[in-house]
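Right, one structure below, let's go through it.
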Amino acid sequence: MLEGIPSGLALAHPDIDADLKRRQQGYGRGGRMKIEQDRAIILTGVRWGKTIGSPVSLLIENRDWENWCEGMSPDTAKEGSIPPVTRPRPGHADLAGAMKYGHKDVRNILERSSARETAARVAAGAIARKFLAEFGITVGSYVVRIGSVAMPEGPEDETAETVRRAETSEVRCPDKETSSRMIVLIDEARQKGDTLGGIFKVVADGIPAGLGSHIQWDRRLNSRLMAAISSIQAVKGVEIGLGFRAAERFGSEVMDEISYSEGSGFFRRTNNAGGVEGGISNGMPVIIRAAMKPIPTLRTPLRSTDIVTKQAIEAAYERSDTCAVPAAAVIAEAMAALCIADALLDKFGGDSMDETKRNFSAYQEQIRQF
């Protein structure tokens with residue numbers, strides 16, 4: 001359920017389903033993606049192809065659910081219909097969650113902590129993406145590293161063309177030669193029963209200066225974006241702009257010098273800040289870089305300990321991916337779109353698209369004349 005979208009936004013099933021399909025793609029995905037063919041059913045908030053201002057609620061069905069009607073049933077009579085999972089996987093929420101909630105069956109943890117829930121995030125993010133497009137804001141992503149294979153970074157990075165090329169790659173990498181080497185490495189990991197992580201970038205372009213705030217920690221655009229991206233399963237690090245690399249350089253090499261031109265106003269020739277300064281968007285593209293660890297579910301299990309018998313044992317195996325970095329990038333797009341749409345509505349408000357656009361246009365003229 002997504003609340004706050006103004007009335008008058010054109011919205012249809014294909015707008016959402018296209019991103020759901022992108023989330024399911026990517027070389028290295030596992031058996032679950034062969035089962036599900038995600039599509040969203042719009043239940044409320046849209047009439048005759050346009051939002052009406054009330055919450056937009058969506059339904060995404062799991063085709064695999066029919067196999068779990070008894071195993072996950074709320075009915076007491078179904079208890080014990082499937083054996084408990086008592087072998088927690090290292091690196092997963094299994095053990096920490098079981099200890100926190102007092103469960104002796106890890107199934108209660110692993111189902112809810114599963115990245116399957118990101119289908120809902122992507123569906124909501126697709127609506128945010130459609131909303132942002134009305135203001136000339138685009139959000140895209142691409143993969144720069146899988147395991148030990150990384151693409152060479154150059155001046156062409158972080159452009160619309162780079163993002164476009166990524167859409168044609170099975171691993172969402174815009175460099176063809178690097179894509180081929182990534183696929184070889186994923187095949188190697190699959191044969192060994194292992195998994196791979198990597199690094200991806202999210203690029204949001206067209207954002208005006210002024211979204212977010214320096215006033216409070218939780219209103220800073222960078223903190224909102226980083227929290228959202230780091231909430232994605234297996235993401236262990238997030239940076240904006242140069243990020244950690246800025247710590248290695250002199251200040252004179254890091255700061256983006258300010259220029260001015262009649263008609264377009266203030267601008268910067270470099271974007272080391274990644275589009276955010278002092279918690280506020282500065283008019284440059286917002287560049288987010290995130291690191292995803294390898295998925296903890298391994299076909300060649302690591303050592304674990306049974307939570308009931310306390311005996312040493314191999315960790316449980318659940319159907320999983322070999323590499324989900326390309327999918328994580330698409331999920332990160334959705335989370336970024338939701339954060340930016342939220343910040344835009346904080347700034348410009350509006351109960352209808354016409355009202356929000358008027359407010360947006362007036363502000364754009366204001367900052368051009370600043």
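Values in this text are rule-based calculations from the coordinates and carry no lab data. Note that the coordinates shown come from a computational prediction; the quantities given were computed from them, not determined experimentally. Glycine gets a Cβ as well: all are built from the backbone with ideal geometry, and neighbour counts include every protein chain shown.
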Next item on the list: Please get the size of the charge dipole for the chain, origin at its Cα centre, with Cβ charges of +1 on Lys and Arg and -1 on Asp and Glu, quoted in debye to the nearest 20.
Entry: 700
Check: region 313-370: Rg/Rh from Cα coordinates, Kirkwood Rh?
Finding: 1.37
Notebook entry, point to check: Check ILE313: other-chain or 5+ apart residues with amide H under 5 Å from its amide H, H built from backbone geometry?
Noted result: SER304, THR305, ASP306
Next item on the list: State the answer as a single residue: which of PRO296, PHE370, ALA336 lies farthest towards the positive end of the charge dipole of the chain, with beta carbon charges of +1 for Lys and Arg and -1 for Asp and Glu, about the Cα centre.
Entry: PRO296
Next item on the list: State the answer as a single residue: which of CYS69, GLY279, LEU225 lies farthest towards the positive end of the charge dipole of the chain, with beta carbon charges of +1 for Lys and Arg and -1 for Asp and Glu, about the Cα centre.
Entry: CYS69
Check: Under 13 Å from a point 7 Å along the Cα-to-Cβ line of GLN364: which residues of region 195-211 have their amide N that close?
Finding: 206-209
Note to self: With only alpha-carbon pairs counted, each pair once and no self-pairs, how large is the Kirkwood hydrodynamic radius of region 79-368 in angstroms?
What the structure shows: 20.9
Notebook entry, point to check: Among the lysines, which fall within straight-line cross-link reach of LYS100, defined as a Cα-Cα distance under 22 Å, with same-chain neighbours fewer than 8 residues apart omitted?
Noted result: LYS236, LYS310
Checklist line | Selection of chymotrypsin sites (Phe, Trp or Tyr not before Pro), region 238-302, meeting DSSP coil and at most 12 other Cβ within 10 Å | finding: PHE250
Check: Where in the chain are the helices, taken as whole DSSP H runs, whose Cα atoms extend 24 angstrom or more along the long axis and whose Kyte-Doolittle mean reaches at least 0.0?
Finding: 325-348
Next item on the list: Could you tell me which chymotrypsin sites (Phe, Trp or Tyr not before Pro) in region 1-65 are loop residues by DSSP with no more than 11 other beta carbons within 10 angstrom of their beta carbon?
Entry: TRP48
